[in-house]
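The values are calculated or read from the model by the stated rules, or taken from the named source; none is laboratory data. On a predicted model such as this, the values are computed, not experimentally measured, just so you know. All Cβ positions, even for glycine, are placed from backbone atoms using ideal geometry, and neighbour counts span all protein chains on display. Surface areas here come from the heavy atoms of the whole protein model, side chains and all, with no ligands, DNA or RNA. Shrake-Rupley method; radii C 1.70, N 1.55, O 1.52, S 1.80 Å.
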Amino acid sequence: MKKTSIDNSIADDAIAEMLCNDSRAEYALRLIMQKYGEPLYWHIRRMVVVHDDAEDALQETMLNVYKYRNTYSKEFALSSWLYKIATNESLKLLKNRAGFMQSVDDLGDSLKNSVSEESSPDADKTVVLLQEAIALLPIKQKTVFNLRYYDEMSYEEIHHITGDSINTLKTNYHYAVNKIKEYITEHSLL
Amino acid sequence: MIDLEKIGREMPYKMPDHFIENLTERVIAEVKQPAKKKSPIYLYIAAAASAAAMVLLLLNPFNIGTMGIPDYENISECKSIDEMFQTMSADDLGIYSMMTNYYGESTL
């Protein structure tokens with residue numbers, strides 16, 4: 001495999017500048033993959049649960065980053081733009097899985113079953129329960145919960161990704177936390 | 001009550017070894033490929049469909065019929081089939097005869 005030495009400390013502004021320069025765009029894509037590949041993979045994986053789906057969505061995310069690199073606006077953080085594309089790809093994949101007859105929110109049970117199938121045998125039971133509870137959440141609550149809890153983003157950053165108002169995001173996060181706690185409490189007792 | 005912070009941010013799944021490196025190479029290989037040109041097959045299909053439509057238009061027996069055979073409204077005005085035949089020209093009768101031989105009388 002071809003190895004390219006990459007400086008992981010390069011700032012996002014510099015990466016964004018390279019991305020918009022055709023002669024350096026490929027190198028910028030490598031930098032993005034090295035810096036954000038793993039966090040984006042986990043963000044997508046938490047949304048779609050199955051590894052193969054996460055792989056497809058992450059690949060599409062990166063191809064779209066390259067394809068639409070000239071549409072990136074410096075007004076927003078590079079990370080927000082990347083997460084926005086990754087979130088859209090996750091949603092697209094879930095919509096395809098849901099088909100014409102049902103909404104993405106109807107996939108809860110199927111995603112919950114995938115959590116059990118995809119989890120390592122040695123995984124902590126409460127950690128698995130947390131993922132099951134997240135899988136059952138409506139998509140908006142799931143998105144804001146994942147971005148806030150796992151990626152530790154501010155509501156302002158999440159607003160740039162989802163386009164929802166701060167108040168809506170806060171409400172959705174609040175509902176998500178309550179539902180998760182309820183699910184874990186109920187299933188821990190069984 | 002459950003404290004989510006105590007559960008932590010660990011994931012129950014595993015990411016395959018070297019997954020990001022391998023995916024990076026695949027993505028780079030993909031973006032290096034020149035933009036795929038659209039296959040000209042659709043041009044052949046469109047041309048074939050146009051040719052087929054032209055042939056059908058030229059050979060359609062109903063087109064031929066409109067040159068002489070009374071249309072549906074005229075048929076309803078005819079007192080009898082015999083009277084309808086009387087309104088047909090010799091050429092029309094020839095075509096009718098040819099079509100009857102070819103398709104059979106019941107289908108016409």
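For the stretch A:163-184, the set of residues classified as open to solvent by 50 Å² or more (accessible area, probe 1.4 Å) and either closer than 22 Å to A:Pro39 by Cβ or within 11 Å of another protein chain (Cβ to nearest Cβ) (or both) consists of A:Gly163, A:Asn178, A:Glu182, listed by residue number.
Could you run through the stretch A:77-107 and say how many residues are more than 23 Å from A:His160 (Cβ to Cβ) and either buried (at least 17 other Cβ atoms within 10 Å of the Cβ) or modelled with pLDDT of 95 or more (or both)? Can you show your working first?
As a first pass, look at the stretch A:77-107 and keep what is more than 23 Å from A:His160 (Cβ to Cβ): A:96-103, A:105-107.
Narrowing the set further to residues that are either buried (at least 17 other Cβ atoms within 10 Å of the Cβ) or modelled with pLDDT of 95 or more (or both) leaves A:107.
Qualifying residue count for the region: 1.
For the stretch A:141-150, indicate whether the set of residues that are open to solvent by 60 Å² or more (accessible area, probe 1.4 Å) and within 14 Å of chain B (Cβ to nearest Cβ) is non-empty. Looking for residues that are open to solvent by 60 Å² or more (accessible area, probe 1.4 Å) and within 14 Å of chain B (Cβ to nearest Cβ), one finds at least one in the stretch A:141-150, hence yes. Considering each of B:Glu5, B:Glu30 in turn, give the residue that is modelled with pLDDT of 80 or more and facing chain A (nearest Cβ under 9 Å). Being modelled with pLDDT of 80 or more and facing chain A (nearest Cβ under 9 Å) holds for just one of B:Glu5, B:Glu30, which is B:Glu30.
Of all residues in the stretch A:53-77, those that are under 17 Å from A:Ala28 (Cβ atoms) have Cβ atoms under 6 Å from Cβ atoms of residues that are open to solvent by 30 Å² or more (accessible area, probe 1.4 Å) and of a type in the set (Phe, Trp, Tyr), 6 or more apart or on another chain, in A:Tyr72/A:Trp81. Taking A:Lys74, is it of a type in the set (Lys, Arg), within 21 Å of B:Ile7 (Cα to Cα) and modelled with pLDDT under 95? Against the criterion (of a type in the set (Lys, Arg), within 21 Å of B:Ile7 (Cα to Cα) and modelled with pLDDT under 95), A:Lys74 does not qualify.
Any idea which of A:Val128, A:Val115 is open to solvent by 10 Å² or more (accessible area, probe 1.4 Å), facing chain B (nearest Cβ under 9 Å) and among the aliphatic types (A, V, I, L, M)?
On the way: A:Val115 fails: open to solvent by 10 Å² or more (accessible area, probe 1.4 Å).
The conditions single out A:Val128.
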